[in-house]
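Single-structure report; data block below.
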Amino acid sequence: MLDRSSMTRWRARIGAEQLELLLAETLSVAMRTAATTQAACERVTVDTTVQTKAVAHPTDSHLLMRGIEWLNRLAKRHGIALRQSFLRVGRRARRDVSRLIHGRGHKQAMRWVRKMRTWLGRLDRDIGRKIAGNAELEAAFALARERVATVLAQKAGDSDKLYAMHAPEVECIAKGKARTRYEFGVKTSIAVTNARTAGGQFIIGMQALPGTPYDGHTLSGQIAQVERLTGVTVERAYVDRGYRGHKHDRFARVFIAHSRGIASPTVRRELRRRNAIEPIIGHTKSDGLLERNHLAGATGDAINAVLVAAGHNMRLLVAWLTALWRGMSRSLLNFGERRCRG
């Protein structure tokens, strides 16, 4: 039997760079089985999306309550007698905030938030006084107190805010969509074949982009990953208007959606195919784990992106090989029936 943490240790040992070999192997199998071709990899579509982290929605009351609970757990584990735990009043305050914040009681809800911030500060100072001078206890509380201090100090308009106590790498990415104004995770770049080949539309490159970089600045790195995984030089890349000002000066020619003055009918036709990347992103989120990443840290974000792409390609390969097997079986049965009749 395997221990539950065996896969975690294996992923940590391998790393995202070596896991790219798994994605490259899925593409190699697709080419050997004629599910896709090398020519299809010369013309790619590139886009970005958000790889959402498995965290709760980061409201102020939630973060403050998580800080109170974390400090209480550590205090209980190390046998520190607290002056007051603030657990009971904190949970009641968080419940009242969620009840009042979206109605006429907004001011009252904000008063409860200020009280929770005061309680967390009192708890942190109480623990600081009782562990002062004890190097072992100070080391045990260092990480929790550092993140609590960040939560207490941050304000609404600050950049580089902490959105999850256990996942400081989570970033807030504005999407501008009516149903989802903001998403919390890491920006992720994805590259697919522009044409839908016999086996489907394969993902030929995927990587996490921490720091919320501008889309145009990530294009060269994404094309380089595609060429590294497929061994094929990209000739044309099709992107949306978010990539304007990309300054990509390598071999691949970049075509931006809704551009004027494109005379080639082939380029215009392939540019219309750019929108086909959207359902691929949808499949990675609904069928894969791009919508709910449970792997810890920035390394977990990079690993999950590669594994999601490899999983998508494997599903396409299973469907393609199943269709091939059915076709071969049907041909053999028909051949046997003709032999019997003859």
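How high is the relative contact order of the chain, in percent, with contacts defined as C-alpha pairs under 8 Å that are six or more residues apart?
Here the relative contact order equals 26 percent.
What angle do you read, to the nearest 10 degrees and between 0 and 90, between the alpha-carbon axis of helix 135-153 and the longest principal axis of the chain?
80 degrees
Please list W325, W10, W112 from largest to smallest accessible area, probe radius 1.4 Å, with all protein chains kept in place.
From most exposed to least exposed: W325, W10, W112.
Could you order M314, M328 so the one with the most accessible surface comes first? Probe is 1.4 Å.
M328, M314
Please list the non-local residues whose amide H lies under 5 Å from the amide H of N293, H modeled 1.01 Å from N, same-chain partners needing a gap of 5 or more.
Those lying under 5 Å, H to H, from N293 are T52, K53, A54.
Go ahead and estimate [θ] at 222 nm for the chain from helices alone: -39,500 (n - 2.57) per DSSP H run with n ≥ 4, summed, over the residue count, rounded to 500.
When only DSSP H runs of four or more count, the value is -18000 deg cm²/dmol.
If I compute Kirkwood radius over Cα pairs in Å from the structure I just sent, which labelled value in (1) 26.8; (2) 23.6; (3) 21.9 lines up?
(2)
For segment 135-207, calculate the relative contact order in percent as a whole number, restricting contacts to Cα pairs under 8 Å that are 6 or more residues apart.
16 percent
With θ set to phi - 60° and the Karplus curve 6.51 cos²θ - 1.76 cosθ + 1.60, what are the ³J(HN,Hα) couplings of segment 284-298 in order, to the nearest whole Hz, using x for Gly and Pro?
5, 8, 8, 8, x, 10, 6, 7, 8, 7, 9, 7, 7, x, 5
Using amide H atoms built 1.01 Å from N in the peptide plane, name the residues 5+ places from I203, or on other chains, whose amide H lies under 5 Å from its own.
Long-range HN contacts for I203: N313.
In straight Cα distance, which lysines are under 30 Å from K161, not counting same-chain residues fewer than 8 positions off?
Cross-link targets: K53, K76, K107, K115, K130, K175, K177, K187, K285.
With θ taken as phi - 60° and the coefficients 6.51, -1.76 and 1.60, list the Karplus ³J(HN,Hα) couplings across segment 263-270 in order, rounded to whole Hz; mark glycine and proline as x.
Taking θ as phi minus 60°, the curve returns 8, 5, x, 5, 5, 5, 5, 5 Hz for segment 263-270.
The values are calculated or read from the model by the stated rules, or taken from the named source; none is laboratory data. Predicted, not measured: the structure shown is a model, and the values here were computed from it. Just so you know, the surface numbers come from the protein's heavy atoms only, side chains and all, with ligands and any DNA or RNA stripped out. Shrake-Rupley method; radii C 1.70, N 1.55, O 1.52, S 1.80 Å.
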